[in-house]
1. Mind ordering 61-67, 49-55 by average Cβ neighbours within 10 Å, highest first?
2. Which whole-Hz ³J(HN,Hα) couplings does segment 73-79 yield from phi under the Karplus relation 6.51 cos²θ - 1.76 cosθ + 1.60, θ = phi - 60°, glycine and proline marked x?
3. How do 94, 35 line up, fewest other C-beta atoms within 10 Å first?
4. What is the order of 98, 36, 115, fewest Cβ neighbours within 10 Å to most?
5. At a Förster distance of 30 Å, what's the computed FRET efficiency of residue 104 paired with residue 58, Cβ-Cβ distance as r, to 0.05?
6. Counting other beta carbons within 10 Å of each residue's own, what order do 129, 34, 41 fall into, fewest first?
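No lab work stands behind these numbers, since they all come straight from the coordinates. These numbers come from a predicted model, not from an experiment. With ideal geometry, Cβ positions are generated from the backbone for all residues, glycine too; neighbour counts draw on all protein chains shown.
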Amino acid sequence: MAQLFPAKEKTHADEKESEGCARRVGAALATHALVFQVTSLGRGGKRLQRVVGVHPVRDCTADELHDLFWETVEHLYMHAGAYVAAAVCDGASVNRLFIKMNTSGLQRGSPNHFFQSWCHNRVHPRRKLFFVSDPAHALKKPANN
């Protein structure tokens, strides 16, 4: 029986190209999913919890997080009329730098001086947006120190 697709002899150049392609694909794939979830403050006994953004990221930086966060805050207001009152995140270094950038105006490489836990909401400058550590990390940090 004749083969429809006869096997092609692989050359050294074909193997090199295949390895290069695998490296490019591996570098392009996300390693994490950055998830934004909205939770209501629970007025009137009603609670809402919904995922409003899943962003595949690779080596996410504070600048990328900053852009994605404020874009999400803007979309929540424009499409749902929702005001964001607080952002809760863990103690990862990217999150700490993101908080520092927003609350103090300090950038990468500056000392870790946190002057306040809020910033003016960029979508609604008259409103404050607070940055809060998640409960597990809020308890872990003082215990470790």
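1. Output ranking for 61-67, 49-55: 61-67, 49-55.
2. These are the phi-based 3J(HN,Hα) values: 4, 5, 5, 4, 6, 5, 9 Hz.
3. Neighbour counts put them in this order, fewest first: 35, 94.
4. Lowest to highest Cβ neighbour count: 115, 36, 98.
5. 0.60
6. Ordered by Cβ neighbours within 10 Å, fewest first: 41, 34, 129.
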